[in-house]
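Engineer: Pasting a structure here, questions to come.
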Amino acid sequence: MPKDIQPEIRRLYGKLRAALTDHAPGDRFFSYQTLIGRFRTSRRALEQALARLEAEELIRIEPQVGIFVRKRPDPAVRRIVVVHSDWPSEYWQTLDAKFEEAFSTLSGCVFSRALIPPGKEREFLFGRLNRELGDVALLTYAFSDCTQQDVARLLSCEIPLVFLENHISCDGVNAIDSEPEYTGMLAADSLLRNGHRKIAAIVSEPADLCVRRETGGFVAYLQLHGIRPQIINCRHHTGESSMITTEKAVYRHLRQHGAIFTGCFVQGVFATNGLYQAVQSLGYSIPGDISVIANSEVPSAARCDPPLTTVARDFDGYVREVRTGVENLFSGKPFGIRRVPSLLIERASVKNLNPQQKGG
């Protein structure tokens, strides 16, 4: 299946446009080979990004001669870049597409992505978060390996940062808080309302602050109702496949203990695919023997068999709050901490265990 290079073209276009601001009209721009090496891109993507700049009359391409600057981009144009790990994630693909759609209608702005290579987080954060990258960065970073000095250094970045996940929250920080505790509470409440009392929390992601808050909300809500849930820690580490680690952990638990819980909460749809495989390979059924609810709504959740109940990120509300906050930043107002609680989407993966009421 051909690779979709449009995201790479958009990212490259933003970077090339930014680079043009350092050149005067008439200057020779960088060569193709220099641009390929500098931006780590392909010839195909570069040619299409340059064609877009040429169509906007920002550059002139003379075959066999070089690339020349015709005029500088409008300095009033604001560059918005979303920054997160370079990891194949349906969640990020969905959210990035929503961001691109929202900012494409914001006058005077261009949107792009910058992906952090695994293992290169510090190099990226302390080497590339600058004016060359964009005018504001929408950043996801877990801080799990950061020192106090690292956090201070990141917060003093020369461009405004908007933290998209729940890893940092204090006065003066621009952040979206999707209230992970509430996410856990929604999942717990759904299982309780459907009559479940033997419940498990499947910890299928690295135990960063966001995951701890979410699991804490789930466990605390159940404990308030007199239930102590089982905790199945998949001991997942960054860079591993959560689907594989979850499948192994759940398979091992079921082989050892059997289905001693009737309902469970999993942190992510991708990880839930592994749970489905483990449960069904041992002859159990969903939701007949085990009901499943997962965090994060993505398109594939509805295609699971059975379709998966999720505690969903309110993508539209989330993107709307980010866009409004970015507009505030560009007009000199604070972004602040903006709260976007999750929503429950009920499907067939949760069974109702409540006694059926008979008609009178």
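Here, each number is a calculation from the coordinates, and none is a lab measurement. Bear in mind that the values here come from a model prediction, so they are computed numbers and not experimental data. Using ideal geometry, Cβ is built from the backbone for each residue, glycine included, and neighbour counts are taken over all protein chains shown.
Engineer: Using a simple charge model, +1 on the beta-carbon of Lys and Arg, -1 on the beta-carbon of Asp and Glu, nothing else, what dipole does region 124-183 show about its Cα centre, in debye to the nearest 20?
Structural biologist: Numbers: 3 positive and 10 negative charges, 57 e Å.
I would put it at about 280 debye.
Engineer: Relative contact order, percent, of the chain when contacts are C-alpha pairs under 8 Å separated by at least 6 residues?
Structural biologist: Details: 631 pairs, mean separation 49.6, N = 360.
It rounds to 14 percent for the chain.
Engineer: Would you mind pulling out the separation of the Cα centroids of region 303-317 and region 66-112, in Å?
Structural biologist: 26
Engineer: Sticking with this one: Based on the Kirkwood radius over alpha-carbon pairs, what value in µm²/s does the Stokes-Einstein equation return for the translational diffusion coefficient of region 125-225 at 20 °C and 1.002 mPa s?
Structural biologist: For these conditions, the coefficient is 138 µm²/s.
Engineer: Which residue fluctuates most in the GNM of the chain (Cα springs below 10 Å): SER349, SER204, SER281?
Structural biologist: Residue with maximal mean-square fluctuation among SER349, SER204, SER281: SER281.
Engineer: With the radius of gyration and the Kirkwood radius both derived from the Cα set of region 180-312, what is their ratio Rg to Rh? Show your work: numbers first, answer last.
Structural biologist: Details: Rg = 13.2 Å, Rh = 14.4 Å.
Radius of gyration over Kirkwood radius for region 180-312 works out to 0.92.
Engineer: Then there is this: Per-residue ellipticity at 222 nm for the chain, helices alone: DSSP H runs ≥ 4 residues times -39500 (n - 2.57), over residue total, nearest 500 deg cm²/dmol?
Structural biologist: Calculated from helices alone, the mean residue ellipticity at 222 nm is -12000 deg cm²/dmol.
Engineer: Below 8 Å between Cα atoms, with a sequence gap of 6+, how large is the relative contact order for region 6-69 in percent? Write down the numbers at each step before the final one.
Structural biologist: On the way: 63 pairs, mean separation 27.3, N = 64.
The normalised contact order for region 6-69 reaches 43 percent.
Engineer: Give, in whole angstrom and from largest to smallest, the semi-axes √(5λ) of the equivalent ellipsoid of region 220-276, with λ running over the eigenvalues of the Cα gyration tensor. Intermediate results must be reported in sequence, preceding the final value.
Structural biologist: Numbers: eigenvalues 92, 41, 19 Å².
Equivalent ellipsoid of region 220-276: 21, 14, 10 Å, largest first.
Engineer: May I ask you to derive the relative contact order of region 180-312, considering only C-alpha pairs under 8 Å and at least 6 residues apart, and to give it as an integer percent? Numbers along the way, then the final one.
Structural biologist: Values: 243 pairs, mean separation 33.3, N = 133.
Dividing the mean separation by the residue count of region 180-312 yields 25 percent.
Engineer: Right, here's the next one. Choose one answer from GLN148, GLN64, GLN48: the residue with the largest mean-square fluctuation in a GNM of the chain with alpha-carbon springs under 10 Å.
Structural biologist: Top of the fluctuation ranking is GLN64.
Engineer: Filter the GluC sites (Glu not before Pro) in region 1-82 to those in DSSP coil with at most 11 other Cβ atoms within 10 Å of their Cβ, and list the result.
Structural biologist: Numbers: sites: GLU8, GLU47, GLU54, GLU56, GLU57; in loops: GLU56, GLU57.
Sites meeting the loop and neighbour criteria: GLU57.
Engineer: How much of the calculated P(r) for the chain lies past 39 Å, in percent of all Cα pairs?
Structural biologist: Working: 16911 of 64620 pairs.
Roughly 26 percent, once rounded to a whole number.
Engineer: Return the ratio Rg/(2.2 N^0.38 Å) for region 6-69, where Rg is computed over Cα atoms only. Numbers along the way, then the final one.
Structural biologist: Details: Rg = 10.7 Å, N = 64, 2.2 N^0.38 = 10.7 Å.
Against the empirical 2.2 N^0.38 Å value, I get 1.00 for region 6-69.
Engineer: Next question, about the same structure. Could you state the angle between the C-alpha long axis of helix 6-20 and the longest principal axis of the C-alpha atoms of the chain, as a value from 0 to 90 degrees rounded to the nearest 10?
Structural biologist: 40
Engineer: For region 69-138, run through the trypsin sites (Lys or Arg not before Pro) and keep only the ones in DSSP coil with at most 16 other Cβ atoms within 10 Å of their Cβ. Please list the in-between numbers first.
Structural biologist: Working: sites: ARG70, LYS71, ARG78, ARG79, LYS98, ARG113, LYS120, ARG122, ARG128, ARG131; in loops: ARG70, LYS71, LYS120, ARG128, ARG131.
Answer in residue order: ARG70, LYS71, LYS120, ARG128, ARG131.
Engineer: Going by average Cβ density within 10 Å per residue, which order do the peptides 19-27, 228-236 take, highest to lowest? Walk me through the numbers before you get to the answer.
Structural biologist: Details: 19-27: 13.0, 228-236: 16.9.
With the highest mean Cβ count within 10 Å placed first, the list reads 228-236, 19-27.
Engineer: Working from Cα positions, state the angle (0 to 90°, nearest 10) between the long axis of helix 209-224 and the longest principal axis of the chain.
Structural biologist: 20
Engineer: Take the alpha carbon atoms of region 21-167, find their radius of gyration, then divide it by 2.2 N^0.38 Å using N residues; give the quotient.
Structural biologist: Numbers: Rg = 17.1 Å, N = 147, 2.2 N^0.38 = 14.7 Å.
Against the compact-globule rule of thumb, the ratio is 1.17.
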